[in-house]
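Notes to accompany the following structure.
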Amino acid sequence: MAILTRARGQSDYLLASRRQRFEAMFTSHSSAVLAYALRRVEVAEDAADIIAETFLVAWRRIDDVPAGDEARLWLFGVARRVCANHSRGGHRRTVLADRLRGHLATQVQETEIEVEVDDDVARVREAMRRLDDGDRELLEMTSWEGLTPSELGAVLAVPASTVRSRLQRARARFRTQLEIVTKEEQS
Amino acid sequence: MNDSMDAQVRRTARMSDERIAALVGSTAEADLMGRILATSPANVRELVDEPGLAPAPSSGRGRLRPTRRRLVSLAVAASVGAAALFTVQAVQQDEGGQVWAAYAVEVAEGAPRLLVDDEDWSVEYANEFEPDRGSMDFTDGTHELWVTWSSTWDLELILNDRRDVAVDEETVTVAGQEGTLLTYPDDEYAVIWQHGDNVVEALTLGGVEESTYRDLIASIHTVDVDTWLSALPQDVVRPADTQAVLAELLADIPLPDGYEITPPAGAVTRHQLVHNVEREAVCAWVTEWVRAADAGDQAAVDVAATALGGARDWAVQDEVEHRDEEFWANIDSIVDDGVLPGGRELVISGDTEVEGWQVVFCV
């Protein structure tokens, strides 16, 4: 695309090229962001507002969004804060997401499946619940989003080495909690 | 994480990968993209509480970080008692008419001074005006027209850039000048033309009937300095007033010895100044805390920690948005625990390598 390879400095307002970049970013990563939100909201349709807010930020800050796959990590970084606001009650609906919200609500109802939660899952959930937010987030993003420590570092804006050590401690605490939960069940 | 633990945690997700796969990639998702793109960047601030995300890092100490050139929401100046002192508005008004500040006149004389000749349309947003560039957002409550201009643009470069995405073009007359009307997908249109020294782009955002856009373009006209300045939102801080505004904002904010915040060039809004000053002051104190800690200067560490501990009470916080619990937890980490969030290792922020704590506090 010629627009993306033009010499910089001709204009601060090349909206057309910004639109193209946003469209490319949205097309590439919207599903990943939506999946991220769906795993974290209690009501599926709320994920529509999470993704809407996340990409509104991206649209406003399109000049700050890195290129390529780094954009996905940048978006996760925004989405986690939007989710945090959501969980703190700072959530507000945007009309922009109306259609997606309706789609999610309908689809979830139509595909409602009784998920069988076996004892193992219940134990793991309880162990996870007992972790602090930071540990839990690291384990979830590693497992659910499949992020490496380096990628997590980019999302959390901390060095990868810090993530690795935090992750080690989180794993250890998870194992400990899982053992405790298991023993509690047995006793 | 080892595979076993990874699998265990994966099963705790509220929704399985299979179910998620069935929900993503819908046309409703694509619809959202269109809706966001139809939103002026100026309006996004109103639509979303932007979480504390790191933009490009500060370019250096002691200088107010240059604001990105973008449309900003203008607060209602009337709500600020002393606002008249700081706004681009008539400094005198009598039977002889308005007398404008010299800088405002300079900006106005350099601008194409375009307005929409339709009582339903008004100026909703205005950007950081400078003599060689500016931007305005007109709205009738439903549609938006984003008009930007610069005397540094090259008409052919801009046109060639836009032609890559336009699906049609024709020659039209706008504000007495010959312009190029470009049609983009999704019923969006733009006219680009040379207007004196400036190249102007008038872009509609969001789906608009072609006839509506043509009527709008036909109603764009050039006005005199008084008329144009009178139509602007009234919350732009004049360069001549920025020192006074800074002094007001910094009245109860201590700064490290020798540290000065330099006002930005050009006219900005109070909203921008408020956020820049608060961010700069926090960054300055954390930077000082790091310096003192490195030097083993416990007294200076304590001074910085005390200053940061008082940041919640700075009067400017009444006007600052988006300082969430996470931000204050990071401040408390320094003040109460002597622990620097973000750490000292280098990380990539935007396209620059900085230390982790700078990402947390200085961008």
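Could you grab me the full set of residues in segment B:277-292 that are over 21 Å from A:R81 (Cβ atoms) and either under 20 Å from the mean Cα position of the chain (by Cα) or in contact (Cβ under 8 Å) with a residue 40 or more places away in the chain (or both)? B:V277, B:E280, B:A281, B:A284, B:T287, B:W289, B:V290 - these are the residues of segment B:277-292 that are over 21 Å from A:R81 (Cβ atoms) and either under 20 Å from the mean Cα position of the chain (by Cα) or in contact (Cβ under 8 Å) with a residue 40 or more places away in the chain (or both). Kindly establish whether A:A127 is closer than 23 Å to B:G356 by Cα and buried (at least 18 other Cβ atoms within 10 Å of the Cβ). No, not satisfied. Among the residues of segment B:306-352, those identified as closer than 24 Å to A:N85 by Cα, within 14 Å of another protein chain (Cβ to nearest Cβ) and at pLDDT 85 or above are B:F327, B:W328, B:A329, B:N330, B:S333, B:L340, B:P341. Which residue is nearest to A:F26 (Cα to Cα), if the candidates are limited to segment A:62-95 and must be within 7 Å of another protein chain (Cβ to nearest Cβ), crowded, with 16+ Cβ neighbours inside 10 Å and at pLDDT below 80? Per the stated criteria, the residue is A:D64. Scanning segment A:129-173 for residues that are assigned to a loop (DSSP other than H, G, I, E, B) and β-branched (V, I, T) yields A:T148, A:V158.
Restricting attention to segment B:134-179, and to residues there that are part of a strand (DSSP E or B) and at the interface with another protein chain (Cβ under 8 Å from one of its Cβ atoms), which single residue is farthest from B:A231 (Cα to Cα)? Looking at the filtered set, the residue picked out is B:S150. Quick check: is even one residue across segment A:102-109 touching a Phe, Trp or Tyr at 6+ places or on another chain (Cβ under 8 Å), more than 8 Å from chain B (Cβ to nearest Cβ) and at pLDDT 85 or above? No. Can you tell which of B:D252, B:D241 is at pLDDT 90 or above and not assigned by TED's automatic domain parsing to the domain that holds B:G196? Exactly one residue qualifies, and that residue is B:D252.
Check whether at least one residue in segment B:228-238 is surrounded by fewer than 20 Cβ atoms within 10 Å (Cβ to Cβ), more than 20 Å from B:S150 (Cα to Cα) and either modelled with pLDDT of 85 or more or not aromatic (F, W, Y) (or both), and report yes or no. Yes; the residues of segment B:228-238 include at least one that is surrounded by fewer than 20 Cβ atoms within 10 Å (Cβ to Cβ), more than 20 Å from B:S150 (Cα to Cα) and either modelled with pLDDT of 85 or more or not aromatic (F, W, Y) (or both).
Restricting attention to segment A:15-61, the residues that are free of Cβ contacts under 8 Å to residues at least 40 places away in the same chain, more than 7 Å from every other protein chain (Cβ to nearest Cβ) and surrounded by 24 or more Cβ atoms within 10 Å (Cβ to Cβ) total 3.
Among the residues making up segment B:1-39, those that are of a type in the set (S, T, Y) and crowded, with 20+ Cβ neighbours inside 10 Å are B:T12, B:T39. When segment B:293-345 is filtered for residues that are within 31 Å of the chain's Cα centre (by Cα) and on the phi > 0 side of the Ramachandran plot, the ones remaining, listed by number, are B:H322, B:G342, B:G343. Residues of segment A:162-172 include at least one that is among the hydrophobic types (A, V, I, L, M, F, W, C), in contact with an Asp or Glu (Cβ under 7 Å, 6 or more places away or on another chain) and facing another protein chain (nearest Cβ under 10 Å).
The values are calculated or read from the model by the stated rules, or taken from the named source; none is laboratory data. What you see is a predicted model; the values in this text were computed from it and never measured. Using ideal geometry, Cβ is built from the backbone for each residue, glycine included, and neighbour counts are taken over all protein chains shown.
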